[in-house]
Amino acid sequence: MTSNQYNQYHSPTILKELNCPSYVIEHSKAVMSKATYLARNFKGNVDVGLVKAGAMLHDVGRSQTNGIEHAVIGAKILVDNGFPPEIVKIVERHIGAGITRKEAEIIGLPPRDYLPVTFEEKMVAHADNLIHGTSEVDLDFVIRKWNNKLGSDHPSIPRIIKLHHELTGE
């Protein structure tokens, strides 16, 4: 199922207008391609247009920071510019396989849950996991990356694996 109501939001031009660097734009285009693939091959009901829009805009906060807080900043940018709330939620919840309230407090984000809930939110988050720069990577690469960054016992790693299985059936 594709929703045309979000077509205006998945153009790279929006990211240029919001002062995103070219590497963010190129990464976002790659994530949009992967997210679209996931959405079109998913057995459940998913709004492909929303997935494409959320994927294109997921890193808009990188126009101001490359830190973990880019998701929260990106969501604020979109709210301030009148974007639909469902796209805002995708941007806010796209990091890894999400961040729990407790984890958010530990890393200094506003204390709330950043776990993706809808299939559209999950697809963008996972497509972002599966794109490194502009190159597609596999789940093993993603796990190694997060093991190296966070340690093998970090709770986000099983969430990423679970998300991968949920969306791909692999």
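The values are calculated or read from the model by the stated rules, or taken from the named source; none is laboratory data. This is a predicted model, so every value here is computed, not measured. Every residue, glycine as well, gets a Cβ built from its backbone with ideal geometry; the counts of neighbours run over all protein chains shown. Only protein heavy atoms, including side chains, enter the accessible area calculation; ligands, DNA and RNA are left aside. Shrake-Rupley method; radii C 1.70, N 1.55, O 1.52, S 1.80 Å.
Here the simple spin-label model places points 7 Å from the Cα toward Cβ, and for Asp138 and Glu86 these points are separated by 3.4 nm.
When the Gaussian network model of the chain links Cα atoms closer than 10 Å, the mean-square fluctuations of Val72, Val117, Val142 top out at Val117. When each of the peptides 28-37, 126-135 is scored by how many other beta carbons lie within 10 Å of its residues on average, the order from highest to lowest is 28-37, 126-135.
Testing the spin-label approximation: label points 7 Å from Cα along Cα→Cβ at Ser3 and Lys29. State their distance in nm. Computed distance between label sites Ser3 and Lys29 equals 2.6 nm. Solvent-accessible surface of the chain, averaged per residue with a 1.4 angstrom probe and all protein chains in place: 49 square angstrom.
For the peptides 13-25, 85-97, 146-158, residues were scored by their other Cβ atoms within 10 Å and the scores averaged per peptide; the highest-first order is 85-97, 13-25, 146-158. A P(r) calculated from all alpha carbon pairs of the range 78-170, with 10 Å bins opening at zero, reads 16, 46, 32, 6 percent. Can you send over the carbon and sulfur percentage of the accessible area for the range 84-170, probe radius 1.4 Å, protein chains only? Heavy-atom surface of the range 84-170 belonging to carbon and sulfur, 1.4 Å probe: 55 percent.
Using heavy atoms of the protein chains and a probe of 1.4 Å, the accessible area assigned to Lys52 is about 50 Å².
Which FRET efficiency value, to the nearest 0.05, is calculated for Ile161 and Ile68 with the Förster distance at 25 angstrom and r the Cβ-Cβ distance? Computed FRET efficiency for Ile161 and Ile68 comes out at 0.75.
Considering only Leu50, Leu78, Leu139, the Gaussian network model of the chain with Cα springs below 10 Å gives its largest mean-square fluctuation to Leu139.
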